[in-house]
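The values are calculated or read from the model by the stated rules, or taken from the named source; none is laboratory data. Predicted model only: the values in this text are computed from it and were never measured. No Cβ is skipped: glycine too gets one built from the backbone with ideal geometry, and neighbour counts run over all protein chains shown. Ligands, DNA and RNA are excluded from the accessible area calculation, which covers all protein heavy atoms including side chains. Shrake-Rupley method; radii C 1.70, N 1.55, O 1.52, S 1.80 Å.
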Amino acid sequence: MRRVALRGLAGRKLRSLLTGLAIVLGVAMVSGSFVLTDTIGRSFDRIFDDSFENADVVVSAKEATSSSASRDAPAFPATVLDEVERLDAVAATLPSIEDEARLVGAQGELLAAVDSSLAFGVDGGRNDELNPLRLLEGEWPQGPGTVAIDAGSADGEGLGVGDSIGVVANGPVRDYRIAGIVQFGSSTSIGGLTIAVFDLATAQALFAKRDRLDAIQVAGVDGVASAELAAEIRPLLPETARVRTAAAQAEQQSKDTRSGLGFIQYVLLAFGGIALFVGSFVIANTLSITVTQRVRELATLRTIGASRRQVLWSVVLEGALIGLLASVVGLFVGLAIALALNELLAALGIELPSGGLVLAPRTVVVSVLIGTGIAVAASLRPALRATRVPPIAAVREGAVLPASRLARLGLPVALAVVGVAVALLAYGVFADGLATVARLLAIAGGTLLLFLGVALLAPRLVSPLAWLLGWPGARLGGVAARLARENAARNPGRTATTAAALMVGLALVTFVSILGQGLRTSFSESVSELFVADYSLNAGNDPLNRSAAGAAARAEGVEVVSAIRGDDAQALGERVHVNGVEPNVGEVLQLTWESGSDRVPAELGSAGAFVKDEYAEEHGLRIGSRLALRTPTGDVVPLRVAGVFAEPTGGSPFGEIAVSSARFDRSFTSRDSEFTFVNMRGGVTAANTAALERAVAAFPEATVETRDQFRDRQLSQLDAVLNALYALLALSVIVSLLGIVNTLVLSVFERTRELGMLRAIGMSRRQVRRMIRHESIVTALIGAALGIAVGVFLAALVTRTLSDQGIVFALPYVTLVVFVAVAIAAGVIAAILPARRASRLNVLQALQYE
Amino acid sequence: MHVETPPASANGPSGPPVRVAARDVTRRYGAGDTAVDALRGVSLAVEEGQLTAVMGPSGSGKSTLMHILAGLDRPSEGQVWIDSTEIGQLGDAELTALRRAHVGFIFQFFNLLPMLTAGENVSLPLELAGANGDRAWVDELIERVGLAARRDHRPSELSGGQQQRVAIARALVSRPTVVFADEPTGNLDSSTSAEILELLRHSVDAYGQTTVMVTHDANAAAVADRVLFLADGRIVREIGRCSARDVLAVLEEVSRG
Ligand SMILES: Nc1ncnc2c1ncn2[C@@H]1O[C@H](COP(=O)(O)OP(=O)(O)O)[C@@H](O)[C@H]1O
Ligand SMILES: [Mg+2]
């Protein structure tokens, strides 16, 4: 029986290949995600290991309000260093500043984005063995005006020791003399990061960290265990510093990056999973058609002694083999994709410390298990069908499979599945007090069930839908198209499953596009409502250095400059985002007050605050309420609510709480402004724009934007995310396309005799091709109709709960029309191969075909 | 329920044992006005080592009778025994076991598995039964049906006659109690038919293989030890071994009714 399954596979090469491909793609996505994220993760691990190579323990800055590490944590007092050095167990120390500084190229362009432009303040020549930086050329920087940069940037810009380079370090760009070239640990390149090294005192001055430190690497005397050393140091530290053994610190940093990577991994895996889910429809359908076409063969097996169980296993085995082979191929395709992506990143200058791709055993196991498992699961129904083939079918012409008990209960079962799905979705969407994970699981589970339920219902919808959707074609395409419409409705189950596979991809694409449209709409409305300034100064998505505002103010014609700062803090037992606003904020933003008046920002003083309406409602705050803010430095700031701000649904620049910027600057260490708005005499004019741009020329990261530019930039970022999601979902659509090809090939095979007859009575090859093509289009349109309907339903449900987060339900008509066009195109493409096969049939042979 | 035992032997207690028996078998297809009575009360007994032919005009119920005797179909009324087992009450698993041990099939359209070679088709029933197979026996059968040279060929590379030889070897390989053949020559030309019939005859003579063959070919019936004539769902005549011409004459008589 194993042989029957094996040989059967080999004998049905094309269909096995197409079916296998449906799995290969999904598995490739899964293995590719694992390999890529593992490889990136390992690269970072190396960097972290390098960081603390010779240190025993590391003292580092932390926020008083949070236990998690953060680059923005306020520096701790330098007196800690003296206390640490006083310990007998301490042999050597290396104090340092860790911050951000951007290198500027010859054309005035930034060499890296903000979060990949590292700055170090460290004194060379002192305990260099503790220094993760290695001097490759020249000398360590000494005194203001000197810097050491990484080898990658130096090579890229053709700079060497003694040359000068522009550096943006907490202020306008300034020229520095390159004293030396360094590299970080053993890595010549670390993912496109640029490095600027200053001596410690220079860095402390530059980054406003005088008498403060961000980290101290400590080596203990021989014979003292790292843990003991850490225990000795711990009591000496303020609440904005922590000590960890070097190993623990490296592990913690690795864990932090990996949790970020983990999110990306989950997203990619989810899309791989969706592709596999779609693939399972393709496998189920192919095997089911194969069973139908093999009725005679299966019945013969039964007459010569095969038991039902053996028949069942032969079909499951066939599915499992397809799954196994496809999984192995998919595993390697995934590896190839990861390799290609790695090369692509390198080509884009984001080169990771190499060392080859990481193929973890987990990747192999999960990829193979999931691919094979999906195939086996999908083969169960066809296999059960096969067991119902009665032995007598071996001798009866045209024997058909008896309907299963389940099939007779088809409608109630399908309706029940849809019912459960909707209930689960409603629970996930509407239930109160559900944990996010539970909510997401309920929604994901409900969505999967909904797809299954609609797929089960679909056979009943195929006939009317085929009639309706085939109508335009039948009007235009003549008799071939009319026959195509009949053919599509001839095997409703088969057409339904084929269309259902496409439905999944299109439903999700529709869902994403509606959500995206909702976000666009509400965000645009918010911008229109709030943004009354003439210009916004931005550093892309990053905060802009506060001194840029001062530079802007000196431009000819500037009337108002208003900056908004921001940082996280703790209030009422939770983490909140706090903004610092200037008294003139009302001149650049049109704020609406639920309570209070336009005078609120100007009258905040040192203890006043205004809060967002949602936050006020949640905590029962009104004018006069008191609350205490605990900042990252550990300061406690008592506040009194002076106003409640009515936030538009599409969001605003403000977090939960806003205080005056004077108050903010006294209690927070954040140096940058999240937003900077400018009003000029005469409003937006070319001359004003030019004047403003000139004024901030020393800030290469700053761009001048009008309201529309500000909005469009953010919308284009949203579009980029949407496009990425479409691209990921395209994989599922491609899988379902394979399904259409497969079904058509099998139908053509099955109708060989009939096609021969049609050719014999005068159908041209072109008409045959048209007939197959139209059947394909009708199938694809059924998939599109079901998909768009399900997608709209899901989006309507989800936008309902998200309405308070500013996502309105808005149908993107143009996009939906594009999806329908994509479905038609998919139908046309899927039909190419089967149509060619059908039109090339030899009439005589076709008629003799047994 | 009252279960009757089958007659031990048609020729009295001393004769060869009965391997297949039917009593008062009827088969009705459909119901109401459109009901068709394919069998209207058939009783018979097939003795060991005999080649029994069932003849009759088209639509007389030959195939229906064979399907019921072989346990592929169930009678509307009446009972069927294979090797003293009443098969009317058996479930699917028991019928499968019965087919493995007791029944071989030869079909009009050969029904070989296209992806297996001739040799693999022959040994398939043994593998399905989980027996590791009596290789010598498989070799002998393939030799006997004259396909030693074609053993590794696929069915599509064999002629109709060769395919039917494979099917015969496959039917014999499990040494079944009875082999059922439904129009084994129905799809073959006359000279090939003669070879196949000779082979069937040989299997009865050499191995004592009890065989029931449905046919409307007088030449086929002529190799049988016994010919049953079916008309309108009833056995109307029975004759012993005789020539094709005699068979034709009886058939004509029977068909006229
Ligand atoms: N599956 C079936 N459904 C309905 N009627 C059938 C079926 N099989 C056979 N019959 C009818 O039963 C009668 C006997 O058929 P069959 O046994 O095939 O005859 P034979 O093999 O002698 O030609 C015929 O009238 C035929 O139409
Ligand atoms: Mg017949």
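Selection of first residues in region B:224-236 that are more than 16 Å from B:Val179 (Cβ to Cβ) and away from chain A (no Cβ under 14 Å) and of second residues that are within 15 Å of ligand 2 (Cβ to nearest atom) and not hydrophobic (A, V, I, L, M, F, W, C), restricted to Cβ pairs under 6 Å at least 6 apart or on distinct chains, gives the following pairs, ordered by first then second residue: B:Phe229/B:Gly56; B:Leu230/B:Gly56; B:Leu230/B:Ser60; B:Leu230/B:Gly61; B:Leu230/B:Lys62; B:Ala231/B:Gly56; B:Ala231/B:Ser60; B:Gly233/B:Gly61. Evaluation of B:Leu113 against the conditions (1) touching an Asp or Glu at 6+ places or on another chain (Cβ under 9 Å); (2) without any contact (Cβ under 8 Å) to a residue 12 or more places away in the chain; (3) facing chain A (nearest Cβ under 9 Å) shows that the sole unmet condition is (2). Every condition in (1) surrounded by 20 or more Cβ atoms within 10 Å (Cβ to Cβ); (2) touching a residue at least 60 places away in the same chain (Cβ under 8 Å); (3) more than 32 Å from the chain's Cα centre (by Cα) is met by A:Ser187 except one, and the failing one is (3). When A:Gly473 is tested against the conditions (1) in contact with a helix residue (DSSP H, G or I) (Cβ under 7 Å, 6 or more places away or on another chain); (2) in the same structural domain as A:Pro492 (by TED's automatic domain parsing); (3) open to solvent by 60 Å² or more (accessible area, probe 1.4 Å); (4) not acidic (Asp, Glu), the lone failure is (3). The sole residue among A:Ala831, A:Ala821, A:Ala825, A:Ala846 that is in a helix (DSSP H, G or I), farther than 30 Å from A:Val429 by Cβ, touching a Gly at 6+ places or on another chain (Cβ under 7 Å) and assigned by TED's automatic domain parsing to the domain that holds A:Thr495 is A:Ala846. The single condition from (1) within 14 Å of chain B (Cβ to nearest Cβ); (2) in contact with a helix residue (DSSP H, G or I) (Cβ under 9 Å, 6 or more places away or on another chain) that A:Gly11 fails is (2).
Identification of strands (runs of 3 or more DSSP E) wholly contained in region B:178-252 with 3 or more residues that are within 16 Å of ligand 2 (Cβ to nearest atom) and buried (at least 19 other Cβ atoms within 10 Å of the Cβ) yields B:178-182, B:211-214, B:226-231. Just one of the listed residues (A:Leu411, A:Leu440, A:Leu425) is in a helix (DSSP H, G or I) and either in the same structural domain as A:Asn491 (by TED's automatic domain parsing) or at pLDDT 90 or above (or both), namely A:Leu425.
Scanning region B:101-110 for residues that are within 7 Å of another protein chain (Cβ to nearest Cβ) and in contact with a Phe, Trp or Tyr (Cβ under 8 Å, 6 or more places away or on another chain) yields one hit, B:Phe105. Checked against (1) among the β-branched types (Val, Ile, Thr); (2) in contact with a Gly (Cβ under 8 Å, 6 or more places away or on another chain); (3) not assigned by TED's automatic domain parsing to the domain that holds A:Gly356, A:Thr37 meets all criteria but (3). If I ask for residues that are open to solvent by 10 Å² or more (accessible area, probe 1.4 Å) and more than 29 Å from the chain's Cα centre (by Cα), which ones from region A:558-579 would you list? Within region A:558-579, A:Val558, A:Glu559, A:Val560, A:Val561, A:Leu572, A:Gly573 meet the criteria. Summed over region B:182-201, residues that are within 14 Å of chain A (Cβ to nearest Cβ) and of a type in the set (S, T, N, Q) total 1.
Regarding A:Ile322, is this residue away from chain B (no Cβ under 14 Å) and open to solvent by 40 Å² or more (accessible area, probe 1.4 Å)? No, not satisfied. Number of residues in region B:35-60 that are assigned to a loop (DSSP other than H, G, I, E, B), open to solvent by 10 Å² or more (accessible area, probe 1.4 Å) and within 16 Å of ligand 1 (Cβ to nearest atom): the value is 4. Return a yes/no flag: does region A:267-284 have any residue that is open to solvent by 20 Å² or more (accessible area, probe 1.4 Å), away from every other protein chain (no Cβ under 14 Å), touching a strand residue (DSSP E or B) at 6+ places or on another chain (Cβ under 8 Å) and assigned to a helix (DSSP H, G or I). The answer is no, given that none of the residues of region A:267-284 is open to solvent by 20 Å² or more (accessible area, probe 1.4 Å), away from every other protein chain (no Cβ under 14 Å), touching a strand residue (DSSP E or B) at 6+ places or on another chain (Cβ under 8 Å) and assigned to a helix (DSSP H, G or I).
Would you confirm, using the coordinates I've provided, whether A:Gly305 is in the same structural domain as A:Leu380 (by TED's automatic domain parsing), in contact with a helix residue (DSSP H, G or I) (Cβ under 9 Å, 6 or more places away or on another chain) and at positive phi?
yes
How about region A:803-846: which of its residues are among the polar types (S, T, N, Q) and either under 15 Å from A:Ile788 (Cβ atoms) or buried (at least 17 other Cβ atoms within 10 Å of the Cβ) (or both)? Matches in region A:803-846: A:Thr815, A:Ser839. Is it the case that B:Leu65 is without any contact (Cβ under 8 Å) to a residue 12 or more places away in the chain, within 14 Å of ligand 2 (Cβ to nearest atom) and within 14 Å of chain A (Cβ to nearest Cβ)? So B:Leu65 fails the test. Restricting region B:76-100 to residues that are within 16 Å of ligand 1 (Cβ to nearest atom) and open to solvent by 30 Å² or more (accessible area, probe 1.4 Å), the residue that is nearest to the other protein chains (Cβ to nearest Cβ) is B:Ser76. Once region B:151-177 is narrowed to residues that are more than 21 Å from B:Glu127 (Cβ to Cβ) and open to solvent by 10 Å² or more (accessible area, probe 1.4 Å), the residue that is farthest from the other protein chains (Cβ to nearest Cβ) is B:Gln162.
For region A:538-557, a residue qualifies if it is in contact with a strand residue (DSSP E or B) (Cβ under 7 Å, 6 or more places away or on another chain), open to solvent by less than 20 Å² (accessible area, probe 1.4 Å) and not in a strand (DSSP E or B), and the qualifying residues are A:Ala548, A:Ala549, A:Ala552, A:Gly557.
Residue-wise test of (1) assigned by TED's automatic domain parsing to the domain that holds A:Thr497; (2) surrounded by fewer than 20 Cβ atoms within 10 Å (Cβ to Cβ); (3) under 30 Å from A:Glu486 (Cα atoms); (4) in contact (Cβ under 8 Å) with a residue 12 or more places away in the chain.
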| site | (1), (2), (3), (4) |
| --- | --- |
| A:Asp672 | no, no, no, yes |
| A:Arg681 | no, yes, no, yes |
| A:Ala698 | no, yes, no, yes |
| A:Asn723 | yes, yes, no, no |
| A:Val748 | yes, no, yes, yes |
| A:Arg753 | yes, yes, yes, yes |
| A:Met757 | yes, yes, yes, yes |
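Give the residue that is farthest from B:Leu124 (Cα to Cα), with candidates limited to residues of region A:14-38 that are away from chain B (no Cβ under 14 Å) and of a type in the set (Ser, Thr, Tyr). Applying the filter and picking the extreme gives A:Thr37.
One line per residue, one yes/no per condition, for (1) assigned to a strand (DSSP E or B); (2) closer than 30 Å to A:Arg234 by Cβ:
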site: A:Thr19; (1), (2): no, no
site: A:Met29; (1), (2): no, no
site: A:Leu36; (1), (2): no, no
site: A:Thr39; (1), (2): no, no
site: A:Phe44; (1), (2): no, yes
site: A:Val58; (1), (2): yes, yes
